[in-house]
1. Being within 24 Å of residue 118 (Cα to Cα) and either among the hydroxyl-bearing types (Ser, Thr, Tyr) or within 14 Å of the chain's Cα centre (by Cα) (or both) is the filter here; which residues of the range 64-84 pass it?
2. Within the range 13-63, which residues are polar (S, T, N, Q), over 13 Å from residue 112 (Cβ atoms), outside any strand (DSSP E or B) and at pLDDT 90 or above?
3. Which condition number in (1) surrounded by fewer than 19 Cβ atoms within 10 Å (Cβ to Cβ); (2) in contact (Cβ under 8 Å) with a residue 40 or more places away in the chain is the one that residue 56 fails?
Amino acid sequence: MHTGMRQGPEIWIRGPVSTPAPGPPPEPGHARAGARRFSWVGTHGGAGVSTLAAVYGGHDSGRAWPGPGDPPSVLLVARTHAAGLDAVAGAVEVFRRGQAPPGLDLDGVVLVADAPGRLPRPLTQRVKFPGVGDRRVPGAVGGGLAARRAGSSAAREPRPWAG
């Protein structure tokens, strides 16, 4: 049965993503996502850093390296078009060669879909970053993103990433 509903963009997360500590689940009416202890770093303009920081928490570094008071755990962000993949590959290489600012750790690469639908094969083949793990999260980002896109400030809080 076709409902006419469209799925959100595919988000690929490369690298380890921590799972929540075991314990009792939060009460349904009081579940809140706390600020994450990582910094989102865009590898090009329009990567989506501000939106990801607003939805998931964490520090919005824009296109700059995190400063001394910011979380040192870095999530590099790029769109899945050719220029975005080139930009993130260069940033991963900076970490691989040890040329990133001292004290920063590359915890993952987050690829945000640049268009609906499947990624063309030539681009899919470029989504490989040696030394960075692989985790794929299909569907819309964090439940409240569609409402935020529509301008709703009452968007529901995001669900934590599942492990």
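1. From the range 64-84, those within 24 Å of residue 118 (Cα to Cα) are 75-84; that's our starting set.
Matches in the range 64-84: 75, 76, 77, 78, 79, 80, 84.
2. The one that is polar (S, T, N, Q), over 13 Å from residue 112 (Cβ atoms), outside any strand (DSSP E or B) and at pLDDT 90 or above: 61.
3. Answer for residue 56: the failing condition is (1).
The values are calculated or read from the model by the stated rules, or taken from the named source; none is laboratory data. Note that this is a predicted model, so its numbers are computed, not measured. Using ideal geometry, Cβ is built from the backbone for each residue, glycine included, and neighbour counts are taken over all protein chains shown.
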